[in-house]
Amino acid sequence: MLNSLHFRKLTCFEILDGYVQVTEKDEFVYHDMISHPAMAVNPNIKSVLIIGGGDGGTAREISRYSGIEKIDMVEIDEAVVRVCKKYLPTLSSAYDSEPRLNLRFQDGLKFVKDAPAGAYDLILVDSTDPAGPGEGLFTVGFYQDCFRILSENGILINQHEGAFYDGDIEEMKKAHAKIKKTFPIAKVYGFNIPTYASGYWYFGFASKKLDPIADLKPEQWEKLGLKTKYYNIDLHKGAFALPNYVKEILASVEA
Ligand code: SAM
């Protein structure tokens with residue numbers, strides 16, 4: 001359990017509903033891993049939808065790709081953005097500097113229900129855990145709407161919780177079961193982030209036809225010359241190479 005000494009060392013952090021969402025100390029890990037893997041599989045992504053992500057870190061990382069033409073962001077809580085602009089300027093830098101960013105305050109669940117088919121090449125679900133306002137973002141209905149509004153080469157990156165503590169394992173299994181029902185390709189990758197429970201957390205990589213390893217484009221991504229603090233192509237391959245106990249957890253989820 002993090003104590004006050006640890007908190008002081010984390011510099012600035014954000015807590016929502018009693019849960020630490022992000023800290024300045026290790027946010028680079030989370031925001032690298034939610035943003036770059038999909039861009040290394042499909043460097044031609046033009047339209048991106050961010051759901052949640054109020055601290056701004058995901059918008060900041062995705063804004064680094066000059067080939068992207070549109071970044072729509074749907075955050076349910078305007079106060080999160082306002083507070084992060086004031087206290088987390090290193091994360092929220094894109095809000096005032098990125099002309100491609102269209103920020104709206106709305107429930108992501110409703111937004112995807114009303115969005116047109118095939119509108120996005122990439123959806124990044126940077127949400128809270130599956131409780132409260134975030135709960136709806138872990139439903140079959142939400143994943144089906146995401147499938148409908150993604151283009152043919154579309155990719156969805158979503159929260160896949162943790163594989164160490166029982167409560168997180170149950171949420172991981174529930175999320176994976178629902179996403180496997182909706183997407184032909186539903187993979188999981190992990191990353192080391194000390195702030196989150198057990199220090200190791202997971203994202204889901206779901207798509208209609210692109211595989212995160214077989215369709216990886218290392219040369220194209222490296223030619224972009226993005227300097228990243230956590231992500232690189234070797235780590236990408238390793239992140240999808242899961243430990244056996246995690247493979248067993250995911251395999252236990254019947255489609
Ligand atoms: N990295 C953090 C984590 O893993 O817990 C998440 C960061 S971000 C702060 C989560 C954001 O999702 C919050 O700003 C929250 O307001 C937003 N959010 C939660 N439910 C939402 C919904 N249904 N629609 C849009 N945004 C939502």
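Values in this text are rule-based calculations from the coordinates and carry no lab data. Model, not experiment: these values are computed from the prediction. Cβ: placed from backbone, ideal geometry, glycine included. Neighbour counts: every protein chain shown.
Can you give the relative contact order of the chain as a percent, counting alpha carbon pairs under 8 Å and 6+ residues apart?
On the way: 469 pairs, mean separation 50.6, N = 255.
20 percent.
Nearest-5 percent of antiparallel DSSP beta bridges in the chain? All intermediate terms of the calculation are to be shown ahead of the outcome.
Numbers: 17 of 36 bridges.
Antiparallel bridges make up about 45 percent of those DSSP assigns within the chain.
So if I take the centroid of the Cα atoms in segment 96-112 and the same for segment 191-216, what is the distance between those two points in Å?
Taking the Cα centre of each part, segment 96-112 and segment 191-216 sit 23 Å apart.
Are there GluC sites (Glu not before Pro) in segment 54-95 that DSSP marks as loop and that have at most 14 other Cβ atoms within 10 Å, and which are they? Write out the running numbers ahead of the final one.
Numbers: sites: Glu61, Glu69, Glu75, Glu78; in loops: Glu69.
Sparse-neighbourhood loop GluC sites (Glu not before Pro): Glu69.
So for segment 1-119, if I pair up every lysine 8 or more residues apart or on another chain, how many of those pairs have alpha-carbons under 22 Å apart?
Qualifying lysine pairs in segment 1-119: 10.
Quick check on segment 1-152: of the DSSP beta bridges with both residues there, what percent are antiparallel, nearest 5%?
Close to 20 percent.
Can you sort Asp121, Asp168 from fewest to most other Cβ atoms within 10 Å of each residue's own Cβ? Let's see the in-between values first.
Details: Asp121 22, Asp168 19.
Final ranking by Cβ density, sparse to dense: Asp168, Asp121.
State the Cα centre-to-centre distance between segment 135-174 and segment 46-90 in whole Å.
Between the Cα centres of segment 135-174 and segment 46-90 lies a distance of 19 Å.
Quick check on segment 91-159: take the gyration tensor over C-alpha atoms, sort the square-rooted eigenvalues as a ≥ b ≥ c, and tell me if it's rounded (a/c under 1.5), prolate or oblate. Numbers along the way, then the final one.
On the way: a/c = 1.79, a/b = 1.17, b/c = 1.53.
Here segment 91-159 falls in the oblate category.
When Thr128, Thr228 are ordered from fewest to most other Cβ atoms inside 10 Å of their Cβ, what list results?
Numbers: Thr128 20, Thr228 15.
Lowest to highest Cβ neighbour count: Thr228, Thr128.
Mind scanning Lys173/Lys209; Lys173/Lys247; Lys187/Lys217 and naming the pairs with a C-alpha gap bigger than 20 Å?
Details: Lys173/Lys209 22 Å; Lys173/Lys247 11 Å; Lys187/Lys217 17 Å.
Table pairs above 20 Å Cα-Cα are Lys173/Lys209.
Using Cβ contacts closer than 10 Å as the measure, can you line up Asp26, Asp166, Asp77 from fewest to most? Walk me through the numbers on the way to the answer.
Details: Asp26 20, Asp166 7, Asp77 14.
Ordered from fewest to most neighbouring Cβ atoms within 10 Å, Asp26, Asp166, Asp77 come out as Asp166, Asp77, Asp26.
Before rounding to the nearest 500, sum -39500 (n - 2.57) across all DSSP H runs of length at least 4 in the chain and divide by the residue total; then give [θ] at 222 nm in deg cm²/dmol.
Numbers: 11 runs with 96 residues, N = 255.
Per the formula, -10500 deg cm²/dmol.
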